[in-house]
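Just so it is clear, none of the values below were taken in a lab; they were calculated from the coordinates. Fair warning: this is a prediction, and the values are worked out from it, not measured in the lab. For neighbour counting, all protein chains shown are included, and Cβ atoms are generated from backbone atoms with ideal geometry for every residue, glycine included.
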Amino acid sequence: METAAKAENIKEMNNTGETLSGAEILVRSLIQEGVDTMFGYIGGAIMPVYDALYDYQKELKHYMSRHEQGATHSAQAYARLTKKPGVCFTTSGPGATNLLTGLADAYLDSTPMVVITGQVHSGLLGSDAFQETNMVGLSMPVTKWNFQITKVEEIAEVMAKAFYIARTGRPGPVLIDITKDAQVQKTEYKYERCKGIRSYQPVPKLNMDEISAAAELINSAKKPMILAGQGILLSGAEQELMEFAEKTQTPVACTLLGLSSFPTDHPLYVGMLGMHGNYGPNMNTNQCDVLIAIGMRFDDRVTGDTSKYAKQAKIVHIDIDRSEHNKNISVDIPVLADAKQALTELNKVVSGSEREEWMQTFKDYYQLEYEKVIEKQTHSSRERINMAEVIDCLSEKTNGEAVLCTDVGQHQMTSARYYKFKNPNTQVTSGGLGTMGFGMPAAIGAQIADPNATVVSVSGDGGFQMTIQELAVIRQYKLPVKSIVLNNSFLGMVRQWQDLFFEQRFSYTEMDNPDFVKIVEGYGIKAKRVSKREELQDAIQEMLDFPGAFFLEVVVETESNVLPMIAPGAAVSEMRLE
Amino acid sequence: MKEYTITVFSENNIGLLNEVTIVFSRRKINIESLTVSESEVKGVSRYTIVVFSDEKKIENVVRQLEKIIGVFKALYFEAEEIVHQEVALFKIANSPKLNGNLEALIRRQNAKILTVNPDFLVIERVGYKAENQELFNELEQYGVLQFARSGRVAVSCQKKEFTSYLKELSH
Ligand SMILES: Cc1ncc(C[n+]2csc(CCOP(=O)(O)OP(=O)(O)O)c2C)c(N)n1
């Protein structure tokens with residue numbers, strides 16, 4: 001009763017100058033910022049906050065992970081789908097250090113997060129107290145901002161700042177470390193949302209000279225190509241990108257994190273970039289005359305050897321983060337802007353006509369890739385199922401409309417290559433950090449973000465075991481997540497490198513795996529294993545039709561490699577098909 | 001490799017120095033000297049950082065410094081684009097054999113005596129690092145008990161001053 005009354009009055013109660021504990025102020029701050037869902041794991045130093053949460057169960061739904069790393073990945077996926085900061089709570093010491101992988105992942109992949117860690121009493125700071133770790137120091141290189149709160153009076157303002165920083169500009173994770181005494185002290189509660197920070201300019205002022213210079217170059221292009229990154233999804237510029245591509249008749253290639261920013265069935269879509277991307281866009285990176293990079297950062301997995309990267313091309317680079325301009329690749333026209341903002345302006349002044357010959361080169365490359373790789377993998381004649389067959393089937397049966405959360409390895413690259421994403425923002429994967437163990441907890445966060453979506457995680461037998469305990473979250477909250485493990489009994493991607501670059505010396509990559517079906521059943525989740533090709537279609541259908549969580553293990557070929565591939569250190573145009 | 005002087009303007013917050021140095025250490029750039037103190041704007045710290053590196057790297061470093069929340073502006077300069085000095089203090093044991101010789105040296109070197117007491121005296125010299133080093137070399141014969149020098153402080157020759165950057169930021 002009391003809780004309900006509290007909820008109704010929360011808006012009015014905001015500025016009444018009521019005296020509240022730090023813990024309650026923290027919880028109210030979240031509500032003020034529009035948070036209704038969070039992830040976390042309790043422990044000594046955060047107990048007062050959890051105690052306050054108990055009174056706000058109606059406003060704030062807390063999902064208890066089984067390891068703090070799992071909580072971060074769930075929060076990351078939640079953030080990517082809702083475009084709201086993902087919120088995580090943990091205790092100090094080990095609880096906090098368990099967050100670091102998720103923070104590093106979110107930092108590299110520009111995911112907004114507000115992570116709150118408990119800390120020992122402020123009087124004990126620096127004394128190596130029980131479960132004291134210097135979280136501000138530890139998280140500094142992997143957060144957009146962090147702050148340690150030691151006084152109750154700081155909480156409201158710091159929380160407002162945390163949310164503002166996490167979600168504006170190039171999004172990123174923020175860590176707030178709060179001492180136990182600050183959680184229990186009381187003060188007058190007054191919350192004001194942050195409207196700006198004088199040393200931080202999240203949205204750059206558009207420079208129209210840059211736009212005109214870019215437009216002029218784009219309009220003069222004969223063989224242009226668009227590289228679409230996650231910036232398109234982050235700024236919600238999918239429509240603008242489509243209009244831009246159509247107006248200028250420019251083929252679009254996506255980075256791994258840019259996948260689903262452009263429909264795969266669009267005639268101008270030419271595939272994925274990078275080490276395991278498609279042949280055409282990689283080869284043509286070194287053939288095009290104007291490269292238009294939007295919201296991407298020329299990661300080394302995209303560029304290969306930078307000294308042989310698009311040397312013939314003039315490059316336009318649209319990015320909201322000035323430190324990305326000329327970082328890895330020297331560009332001709334850097335445009336400092338949010339992708340949507342820049343594309344909206346460009347769309348007023350760009351044009352182009354059909355480029356049949358240029359588009360044909362992509363088609364020819366695709367044909368080659370199809371004959372040498374795709375056909376062999378999706379219609380494999382080998383005894384064991386190929387990963388590509390599974391993803392191909394999944395793509396078809398979900399009509400490319402599922403939210404696909406992938407782990408890291410061969411199955412991830414295969415998913416990226418073969419799943420035909422139809423809708424924006426439907427892929428969640430760990431790109432920059434390549435964190436094994438990301439996929440399944442991410443699917444949990446994605447399902448919570450979009451309860452009606454078909455959410456499927458695809459993992460390898462290695463990565464699945466890194467965060468396998470999160471199955472308990474699927475069980476506890478009855479989430480209808482579909483988890484697929486492509487079991488090749490190897491750390492497949494590493495095995496592939498050993499095969500290709502280490503003279504087939506398979507050092508510690510083979511795994512004697514547990515009975516996954518039994519384990520998953522132990523969690524009370526419906527589970528199935530298939531190893532025969534004839535059973536695959538039905539098994540996937542059964543999984544999708546099942547009205548609840550479902551686990552599917554597909555026993556796949558052990559010795560298959562993901563192709564084509566740009567060998568480490570090679571140029572994009574040296575991509576090998578076999 | 002060339003010498004660059006980097007000037008950073010930031011809020012005066014706990015932890016910012018750490019964030020600033022991380023940008024250098026993660027690229028394995030050694031900091032030759034570092035000076036932090038309040039600038040012409042109250043509450044705004046000015047860092048003067050001297051490093052040896054190449055321009056491309058430094059350009060990236062400066063942008064990454066500006067990305068830190070709390071940093072207003074970061075700029076880099078080559079030697080001829082700045083006016084710079086260091087302060088050096090020398091503590092020398094007081095003894096009769098100093099008489100006469102020292103005064104001439106101090107005058108010639110443009111240094112000055114800050115403190116004299118029965119046990120020691122303290123000499124101050126402001127100048128380039130090499131000049132202060134030279135004085136140290138000359139003083140060594142008298143026994144230098146301590147030699148402390150500041151990092152570089154520098155002002156740039158460029159027309160645009162920090163206050164105008166600050167104005168742009170607040171718009
Ligand atoms: C936490 C972590 N440890 C190690 C790696 C290095 N690594 C990258 S891919 C890979 C193999 C993944 O094997 P598996 O999960 O079975 O997937 P597969 O490649 O077989 O599809 C490894 C070990 C990593 N990316 N992340």
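Observations, loosely collected:
- Here is the P(r) of region A:321-478: all C-alpha pair distances, binned every 5 Å from 0, give 2, 8, 12, 13, 14, 16, 14, 12, 6, 3, 1, 0 in whole percents.
- Kirkwood Rh, Cα atoms: Rg over Rh of region A:208-361: 0.91
- For the residues of B:3-13, the average number of beta carbons from a partner chain within 10 Å of their own beta carbon is 1.
- Cβ-based charge dipole, the protein assembly as shown, positive-most Cα from A:ILE540, A:THR97, B:ALA88: B:ALA88
- Convex hull volume per residue for region A:1-189, taking Cα atoms only, in Å³: 99
- Cut-off 11 Å between beta-carbons: net charge of the residues surrounding A:LEU491, Lys and Arg +1, Asp and Glu -1: -1
- Projecting the Cα positions of B:TYR142, A:CYS88, A:THR117 onto the charge dipole of the protein assembly as shown (unit charges on Cβ atoms of Lys, Arg, Asp and Glu, taken about the Cα centre) puts B:TYR142 furthest along the positive direction.
- Residue order, fewest to most beta carbons within 10 Å, for A:TRP145, A:TRP497, A:TRP358: A:TRP497, A:TRP358, A:TRP145
- Cα-based convex hull, chain B, per residue volume (Å³, whole number): 144
- Hull volume in cubic angstrom per residue (convex hull over the Cα atoms of region B:37-85): 91
- Derived value for region A:383-556: Kirkwood hydrodynamic radius 16.0 Å. Basis is the mean of 1/r over every pair of different alpha-carbon atoms.
- When the Cα atoms of region A:268-347 are aligned to their principal axes, the ranges along those axes come out at 31, 28, 21 Å in descending order.
- Above-threshold pairs, the threshold being 20 Å between Cα atoms, out of B:LYS2/B:LYS73; A:LYS308/B:LYS67; A:LYS222/A:LYS363: B:LYS2/B:LYS73; A:LYS308/B:LYS67
- Ranking of A:ARG167, A:ARG382, A:ARG80, A:ARG495 by count of other Cβ atoms within 10 Å, fewest first: A:ARG382, A:ARG167, A:ARG495, A:ARG80
- Placed amide H near A:VAL335: partners under 5 Å, 5+ positions off or other chain: A:HIS317, A:ILE318, A:ASP319
- Shielding by partners, peptide B:66-77 (average Cβ within 10 angstrom, other chains): 4
- Among A:MET543, A:MET283, A:MET64, A:MET208, sorting on how many other beta-carbon atoms sit within 10 Å of each Cβ, with the fewest leading, yields A:MET208, A:MET64, A:MET283, A:MET543.
- Region A:81-91 - phi-based ³J(HN,Hα) in whole Hz, Karplus 6.51/-1.76/1.60, Gly and Pro as x: 7, 8, 6, 10, x, x, 10, 9, 10, 8, 7
- Quotient of C-alpha Rg and 2.2 N^0.38 Å, computed over region A:497-578: 1.53
- Dipole magnitude for region A:222-334: computed about the Cα centre from +1 point charges on Lys and Arg Cβ and -1 point charges on Asp and Glu Cβ, it is near 400 debye.
- Largest-first principal axis extents of the Cα set of region A:90-157 (Å): 36, 27, 17
- Straight-distance candidates among the aspartates and glutamates for linking to A:LYS58, with alpha-carbon spacing under 12 Å and chain neighbours fewer than 8 residues away dropped: A:GLU2, A:GLU8, A:ASP36.
- Within chain B, helix-based [θ] at 222 nm, where runs of 4 or more DSSP H residues each add -39,500 (n - 2.57), nearest 500: -8500 deg cm²/dmol
- Evaluating kT/(6 pi eta Rh) at 37 °C and 0.692 mPa s, with the Kirkwood radius of the protein assembly as shown over Cα pairs in the Stokes-Einstein relation, gives 115 µm² s⁻¹.
- Of A:LYS205/B:LYS42; A:LYS83/A:LYS205; A:LYS83/A:LYS190, those spanning more than 24 Å from alpha-carbon to alpha-carbon: A:LYS205/B:LYS42; A:LYS83/A:LYS190
- Mean residue ellipticity, 222 nm, helices only, chain A: the sum of -39500 (n - 2.57) across DSSP H runs of n ≥ 4, divided by residue count and rounded to 500, is -10500 deg cm²/dmol.
- Rounded to the nearest whole Hz, the Karplus-based 3J(HN,Hα) values (6.51 cos²θ - 1.76 cosθ + 1.60, θ = phi - 60°) of region A:19-28 follow the sequence 8, 10, 6, x, 4, 6, 4, 4, 5, 4, with x at glycine and proline.
- For B:GLN133, neighbours were defined as the other residues whose beta-carbon sits under 13 Å from its Cβ, and their charges (Lys and Arg +1, Asp and Glu -1) total -2.
- Per residue of A:175-187, other chain Cβ atoms within 10 Å of the residue Cβ number 0 on average.
- Region A:359-433: proportion of alpha-carbon pairs further apart than 14 angstrom, %: 65
- Inverse mean reciprocal Cα-Cα distance (Kirkwood Rh) of region A:312-402, Å: 17.5
- Summing Lys and Arg as +1 and Asp and Glu as -1 over all other residues whose Cβ lies under 9 Å from the Cβ of A:ARG533 gives a net charge of -2.
- Each residue of region B:161-170 was assigned a 3J(HN,Hα) from its phi angle through the Karplus expression (A = 6.51, B = -1.76, C = 1.60, θ = phi - 60°), giving 9, 4, 4, 6, 4, 4, 4, 4, 5, 7 Hz with x at Gly and Pro.
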